[in-house]
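Heads up, the thing below is written out as structure tokens.
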Amino acid sequence: MNIRTSITVFATALAVTGFAWASTSSPAHAAQVWGACGKSSEQNKVVATYSKATLKCGTDGWGFRHIQGRHLQDWQNLADIEGKNWRDIADLAIAKSLDAPDRTGPAGGGKTCYSGQIYLVNRVTGQIAKTVDPTVIVGSDGAIITAYPGGKACRG
């Protein structure tokens, strides 16, 4: 993508009122490198740190291992639009949802739901290809339980 196309896409996305643009080229969030979770990694090992929560290795029921095991393909389907890795899009969506949520609400058991709309840009055409309302559930301890595309949990 050339600079003119990048600027046009950025300006178009900003012109859409009521929503923040959070594509991977957005200056609002630079993708962070997630820490590795090997088979022997402790469940409390920090993978990524965000404004309101921390992603830890976790287990099959919460954290990175849960997201990877249950939602990797959902994230990868979205990442394919931008030619990225699933973790890049998940990181972007988690950051947007926690930094500037469009919806928040209780998720039961002391957990909180966050959802922040993101746009995915087709890197070939330079056009917004999809709008997504991801869901991020954070425990009362500040650990991310799950993150997946779709914001139904926060719509109460």
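The values are calculated or read from the model by the stated rules, or taken from the named source; none is laboratory data. These figures come from a predicted structure and were not determined experimentally. All Cβ positions, even for glycine, are placed from backbone atoms using ideal geometry, and neighbour counts span all protein chains on display. Note: areas computed on protein heavy atoms with side chains; ligands, DNA, RNA excluded. Shrake-Rupley method; radii C 1.70, N 1.55, O 1.52, S 1.80 Å.
The condition of being closer than 20 Å to THR59 by Cβ and of a type outside the set (Ser, Thr, Tyr) holds for only one of ILE118, ILE137, ILE89, that being ILE137. Scan (1) under 11 Å from the mean Cα position of the chain (by Cα); (2) crowded, with 20+ Cβ neighbours inside 10 Å for the single condition PRO149 breaks and write down its number. All conditions are met except number (2).
Restrict the check to segment 84-105 and report whether at least one residue is within 21 Å of LYS39 (Cβ to Cβ) and open to solvent by less than 30 Å² (accessible area, probe 1.4 Å). The answer is yes; a qualifying residue exists. Right, THR131: within 15 Å of the chain's Cα centre (by Cα) and closer than 20 Å to GLN68 by Cα or not? In short, no. What about SER6, is it assigned to a helix (DSSP H, G or I) and either touching a Lys or Arg at 6+ places or on another chain (Cβ under 6 Å) or at pLDDT below 90 (or both)? So SER6 passes the test. Got at least one residue in segment 56-63 being of a type outside the set (Gly, Ala, Ser), modelled with pLDDT of 95 or more and surrounded by fewer than 18 Cβ atoms within 10 Å (Cβ to Cβ)? Yes; the residues of segment 56-63 include at least one that is of a type outside the set (Gly, Ala, Ser), modelled with pLDDT of 95 or more and surrounded by fewer than 18 Cβ atoms within 10 Å (Cβ to Cβ).
Condition check for GLY150 on (1) over 20 Å from LEU92 (Cβ atoms); (2) modelled with pLDDT under 90: one failure, at (1).
For segment 116-139, filtering for residues that are farther than 13 Å from LEU78 by Cβ, out of contact with any Gly (no Cβ under 9 Å at 6 or more places or on another chain), free of Cβ contacts under 8 Å to residues at least 60 places away in the same chain and open to solvent by 60 Å² or more (accessible area, probe 1.4 Å) leaves 1.
Looking at SER115, SER97, SER140, just one residue is in contact with an Asp or Glu (Cβ under 6 Å, 6 or more places away or on another chain) and either at pLDDT 95 or above or not β-branched (Val, Ile, Thr) (or both), and that residue is SER115.
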